[in-house]
Amino acid sequence: MRCPFCAHLEDKVVDSRLSKDGDAIRRRRECLQCERRYTTYEHIEDVLPLVVKKDGRREPFDRLKIFHGLQKACEKRPVSTATLDATTDEIERDLQDLPDREVSSSWIGEKIMEKLRSLDQVAYVRFASVYREFKDINEFMNELAGILKKTEAEKKK
Ligand SMILES: [Zn+2]
């Protein structure tokens, strides 16, 4: 840190504490040259892109929302909480890898479906039917038929 008084580059931290709302670390520093003290704040950089909702509003990525979505879809299904947690982690990592600063909520929805599809077919259909708010029953039946066909094909192997 460059000293604001003498521009010296070396200092020592004499005190370090969390800010009141917990989103920053306040450090009291002392310049090693002029020995004057100053304060710096350390913030966590927002590394995750903002989520753009259907109506155009932006909101921060909410890990818990993803987890709850998965949990709801997998209710009474043989999927462990640890698996749900790991799946949430995977989605979060995929999100971090995106080059964009913003991501549409539908990207997240598709991502959840993609993960559920390989996790549990019933959970997948459950989630997809709610998520896509199927406009007509045909669309839903098509989705279901596709899955059944796939399952049958796998059985035949
Ligand atoms: Zn100084």
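For the stretch 60-76, give me the residue count where each residue is surrounded by fewer than 13 Cβ atoms within 10 Å (Cβ to Cβ) and aromatic (Phe, Trp, Tyr).
The total comes to 0.
Output the strands (runs of 3 or more DSSP E) that fall wholly within the stretch 1-115 and possess 1 or more residues being at negative phi and within 16 Å of the ligand (Cβ to nearest atom), or say none.
Output list reads 11-18, 24-31, 37-43.
So which pairs qualify, if the first residue must be in the stretch 53-71 and of a type in the set (Gly, Ala, Ser), the second must be surrounded by 11 or more Cβ atoms within 10 Å (Cβ to Cβ), the Cβ gap must be under 8 Å, and the two must be at least 6 apart or on different chains?
Taking only residues 6 or more apart or on different chains, the pairs are GLY69/ILE112; GLY69/PHE127.
Does any residue in the stretch 1-26 that is under 13 Å from GLU42 (Cα atoms) come within less than 6 Å, Cβ to Cβ, of a residue that is assigned to a loop (DSSP other than H, G, I, E, B) and more than 13 Å from the ligand (Cβ to nearest atom) six or more places away or on a different chain, and which pairs are these?
Going by the 6 Å Cβ cut-off, the qualifying pairs are ARG26/SER19.
Every read-out reported here was derived from the displayed coordinates using simple, explicitly stated rules and does not represent laboratory data. Please read these numbers as outputs of a predicted model, since none were measured by experiment. Here the Cβ is made from the backbone with ideal geometry for all residues, glycine too, and neighbour counts use every protein chain on show.
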